[in-house]
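One structure is given here, and the rest of the page talks about it.
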Number of protein chains: 4
Amino acid sequence: MTIGRRTWAIAEGWIPARSTGPEPEMLSHETVCLLNAGDTEAHVRIMVYYTDREPSGPYELTVAPRRTLHQRFNDLDDPEPIPKATNYASTIVSDVPIVVQHTRLDSRQAENALVTTIAFSE
Amino acid sequence: MTIGRRTWAIAEGWIPARSTGPEPEMLSHETVCLLNAGDTEAHVRIMVYYTDREPSGPYELTVAPRRTLHQRFNDLDDPEPIPKATNYASTIVSDVPIVVQHTRLDSRQAENALVTTIAFSE
Amino acid sequence: MTIGRRTWAIAEGWIPARSTGPEPEMLSHETVCLLNAGDTEAHVRIMVYYTDREPSGPYELTVAPRRTLHQRFNDLDDPEPIPKATNYASTIVSDVPIVVQHTRLDSRQAENALVTTIAFSE
Amino acid sequence: MTIGRRTWAIAEGWIPARSTGPEPEMLSHETVCLLNAGDTEAHVRIMVYYTDREPSGPYELTVAPRRTLHQRFNDLDDPEPIPKATNYASTIVSDVPIVVQHTRLDSRQAENALVTTIAFSE
């Protein structure tokens, strides 16, 4: 089936610099969850925006047809890694409709905290 | 009253493999909350998408008129259960308008963490 | 200013039966946050939907012009209180545009967990 | 690129009066995350609404082109600071399209809790 939009944004971004618990599961992380429910491969370009410098990117991802990709921002490194403990935001543009959701696991303290929200789309 | 849409998606999905505290209340779980505020029975079909295999489903649910159903993904087993500690995503299609919200209780550590978001609709 | 819509829904609802910490601040609760940014009084009617019985309500609230009301579901009692540890959902209908957001504080365990989402509107 | 809308609202607002852990990182706070992905400076005006008094503001912010600003409500002080442990809500109006997301870190207890949601837009 086809569901979603091609242009998305997440205004919040912040990868905690510290973690508690076994990695990789309990490593503090921010994730962009991409769902491509359609029958065509999705080519996705992520731009990362900062407070006081020009944006970096595009970070290029491919999501196969009828697949989901849960991409940790921690693991993006081309063209450059995202610094820890730094405010950022992102835009996600795909050539076919996808659905985008944002999550963070924060394990700076002994007990983890989680957030999630469907991203903004238009 | 009639409120909602017929096509929904949740890009995030991950059932923790471990739990802390008394079951079933504190069992780590992911839930899809369905509200059918209308006067007609809703027939709902959920498809579950993975990272590296074809989707499974449809999982078929019925929501009676003027009722809510909070369905744990943990408990879906026809055509097959959803594996723990595995990334997934889902689409939810109904034959009448419904409202869909996604929640997770994560009790891997001693203190539980919760997330929620209204799902994406179109 | 005028912002918002007149018909809203929250598919998730569940008031924890237990709490940890000083009341009323750390009492486990679910809240519907209503913003009436306009210059006309908002008359709001909430219906509460259950899994296995007919809905209850309307619960009637008034939000003055240029005011916000953060109403705990715990405190609704006319026509009847909402039972604890019970799945429910809700619709919120206003005669003027408002904005609705849903939050829960869960203090069943020693450390509190929080969720929030903007409600579904149409 | 241009993404977003010019009128936003957050119905929930509450800055915890207590915190646990090193400041400023673990200070209990509420934040409005603004993304201006476009090529024109965004002039943003925030109004803050209360339960039982007239709104305060506008609080004026500027977001440079291709930048994100994560503004803590705790730090707004012109025309007046926002009181702690007090229910509020907010509207955010920009002269160019932006994306707005709301987050709270609550460190009243030893382990922090987090929430986030994309704000309401129209």
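The values are calculated or read from the model by the stated rules, or taken from the named source; none is laboratory data. Computed from a prediction, not measured in an experiment: that's the story for all the values here. Ideal geometry is used to build each Cβ from the backbone, glycine not excepted, and the neighbour counts take in all protein chains shown. Ligands, DNA and RNA are stripped out before the accessible areas are found, and what is left, the full protein with its side chains, is counted by its heavy atoms. Shrake-Rupley method; radii C 1.70, N 1.55, O 1.52, S 1.80 Å.
A few remarks follow.
- Distance between segment C:26-40 and segment C:54-93 - C-alpha centres, whole angstrom: 10 Å
- Rounded to the nearest whole Hz, the Karplus-based 3J(HN,Hα) values (6.51 cos²θ - 1.76 cosθ + 1.60, θ = phi - 60°) of segment A:4-11 follow the sequence x, 9, 9, 10, 9, 8, 10, 7, with x at glycine and proline.
- Chain C contacts chain B over a buried accessible area of about 2700 Å², both sides summed; the probe is 1.4 Å and only protein chains count.
- Taking the protein heavy atoms of chain B in the context of the full set of protein chains, the accessible area attributed to carbon and sulfur is 47 percent at 1.4 Å.
- Dipole moment magnitude, nearest 20 debye, the protein assembly as shown about Cα centre, only Lys, Arg, Asp, Glu C-beta charged: 180 debye
- Applying both filters, DSSP loop and at most 10 other Cβ atoms within 10 Å, to the trypsin sites (Lys or Arg not before Pro) of segment A:43-105 gives A:Arg53.
- Charge sum, other residues only, whose C-beta stays under 12 Å from D:Thr51's C-beta, Lys/Arg counted +1 and Asp/Glu -1: +1
- Cα pair distances exceeding 17 angstrom across chain A, given as percent: 55 percent
- Virtual spin-label span in nm between C:Asp78 and B:Asp95, 7 Å along Cα→Cβ: 4.2 nm
- Leading residue at positive end of dipole, chain C (Cβ point charges), from C:Ser90, C:His70, C:Ser121: C:Ser121
- ³J(HN,Hα), Karplus 6.51/-1.76/1.60, whole Hz, each residue of segment C:91-102, x for Gly, Pro: 10, 10, 10, 10, 8, 9, x, 9, 10, 10, 9, 10
- Each Lys or Arg adds one and each Asp or Glu subtracts one; over the other residues with Cβ under 12 Å from the Cβ of C:Trp8, this totals +2.
- Other copies of C:Asp52: label-to-label distances in nm, shortest first, labels 7 Å along the beta-carbon direction: 4.2, 4.2, 5.9
- Taking other residues whose beta carbon is less than 14 angstrom from the beta carbon of C:Asp95, and scoring Lys, Arg as +1 and Asp, Glu as -1, yields 0.
- Put a plus charge on the Cβ of each Lys and Arg, a minus charge on the Cβ of each Asp and Glu, and nothing anywhere else: the dipole of chain A about its Cα centre is then about 240 debye.
- Inter-chain neighbour count for A:62-74: the average number of beta-carbon atoms from partner chains within 10 Å of each residue's beta-carbon is 4.
- A simple spin-label model places pseudo-atoms 7 Å from Cα toward Cβ; at C:Met1 and C:Thr86 they are separated by 4.0 nm.
- With both labels modelled 7 Å from their Cα along Cα-to-Cβ, the B:Arg53 to A:Thr40 distance reads 2.9 nm.
- Computed 3J(HN,Hα) for segment D:48-62, one whole-Hz value per residue from the Karplus formula 6.51 cos²θ - 1.76 cosθ + 1.60 where θ = phi - 60°, is 10, 10, 10, 7, 9, 8, 5, x, 10, x, x, 8, 9, 10, 10, glycine and proline marked x.
- Å² per residue, accessible surface of chain B at 1.4 Å: 35 Å²
- The calculated FRET efficiency for the pair D:Thr62 and A:Ala17, based on their C-beta separation and a Förster distance of 25 Å, comes to about 0.35.
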